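Down below is the structure, laid out as C-alpha cells.
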Amino acid sequence: MRDKRGFTLLEVLLVLTLILLVFGVVGFSYISNVRDSMDLTSRISKYTQYLSVTNQLSKQIFARFEKKEQNFLLDRDRISFYTLYPLFYSGAVRAEYRIKKTEEGRYILVYEEFPYIDGKLGWDGIKKITIGNFKKISFFAVDKGKIYENFRGKSFPDIIKIIIDDQTFYITAGR
C-alpha cells in the first residue's frame, strides 16, 4: 500500500458544513443589523417630524400677538392664531395649522401663513407648507382645567395638547 495523503469525503463535508454555518450566522447577523438600522432610521425620521411640529408651534405660541377680539381658534381640523414668529414674512402674521385627511386614511399637517393681520381666523392662507404626514394628529386646548376640542377666545388657552400618532405633547402658553 502506498502512503496516501488527502482528506476523506467525511472530513471535506464536515469542514464545508462548519464554513456554511459560520457564514450563515455572520450573514444573519449582518441582515439583522441592517434591518434594525433601517427601523431606527425610520423611527428617528418620525420623531424628527413630531419634534418639528411641537417646536415650531411652541415658538409661535410664545410669540403670540393678542390684539384682536378673537386671537385664538381651535376647531376639529385646524388651529389658528396671531403670532410675531412668522416663517415666511416679517412682523405679525396669522398662523394656521390645518389637518387634511388623505385618500389612504393618513393625515397631512399643512402650515399656512397670512402676511397681514386680517382679523379673519380660518380662511385659506397665502403661503403653505406641508409639515408632516401622520397616522393621526389632533389638537386640544386645555384652559382652566377643562379640555376643549373647539376653542375660540381673545386669550390663548393655558395648554395646547397635541396627539401625533400615539405620542402626546403639551405646549404651555407661557403667560
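The values are calculated or read from the model by the stated rules, or taken from the named source; none is laboratory data. Values in this document were obtained by computation on a predicted structure and should not be read as measured data. With ideal geometry, Cβ positions are generated from the backbone for all residues, glycine too; neighbour counts draw on all protein chains shown.
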So, in the range 155-175, of the ones that are of a type outside the set (V, I, T), out of contact with any helix residue (DSSP H, G or I) (no Cβ under 8 Å at 6 or more places or on another chain) and within 18 Å of L51 (Cβ to Cβ), which residue ends up surrounded by the fewest Cβ atoms within 10 Å (Cβ to Cβ)? D166
Meets criteria (surrounded by 10 or more Cβ atoms within 10 Å (Cβ to Cβ), assigned to a helix (DSSP H, G or I) and at pLDDT 90 or above) for I31: yes
For the range 71-85, give me each residue that is surrounded by fewer than 20 Cβ atoms within 10 Å (Cβ to Cβ) and over 19 Å from I163 (Cβ atoms). L84, Y85
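Yes/no matrix, rows are residues, columns are (1) charged (D, E, K, R); (2) under 23 Å from Y82 (Cβ atoms); (3) modelled with pLDDT under 95:
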residue: I131; (1), (2), (3): no, yes, yes
residue: K135; (1), (2), (3): yes, no, yes
residue: D143; (1), (2), (3): yes, yes, yes
residue: K154; (1), (2), (3): yes, yes, yes
residue: P157; (1), (2), (3): no, yes, yes
residue: D165; (1), (2), (3): yes, no, yes
residue: T172; (1), (2), (3): no, yes, yes
residue: R175; (1), (2), (3): yes, yes, yes
So which residues in the range 129-154 are touching a Phe, Trp or Tyr at 6+ places or on another chain (Cβ under 7 Å) and surrounded by fewer than 15 Cβ atoms within 10 Å (Cβ to Cβ)? I129, K136, I147, E149
When residues of the range 155-166 are limited to those that are touching a Phe, Trp or Tyr at 6+ places or on another chain (Cβ under 8 Å) and in a loop (DSSP other than H, G, I, E, B), the one farthest from F72 (Cα to Cα): D165
Residue by residue through the range 77-115, note down the ones that are part of a loop (DSSP other than H, G, I, E, B) and not small (G, A, S). D77, L84, Y85, P86, L87, F88, Y89, T102, E103, E104, R106, P115
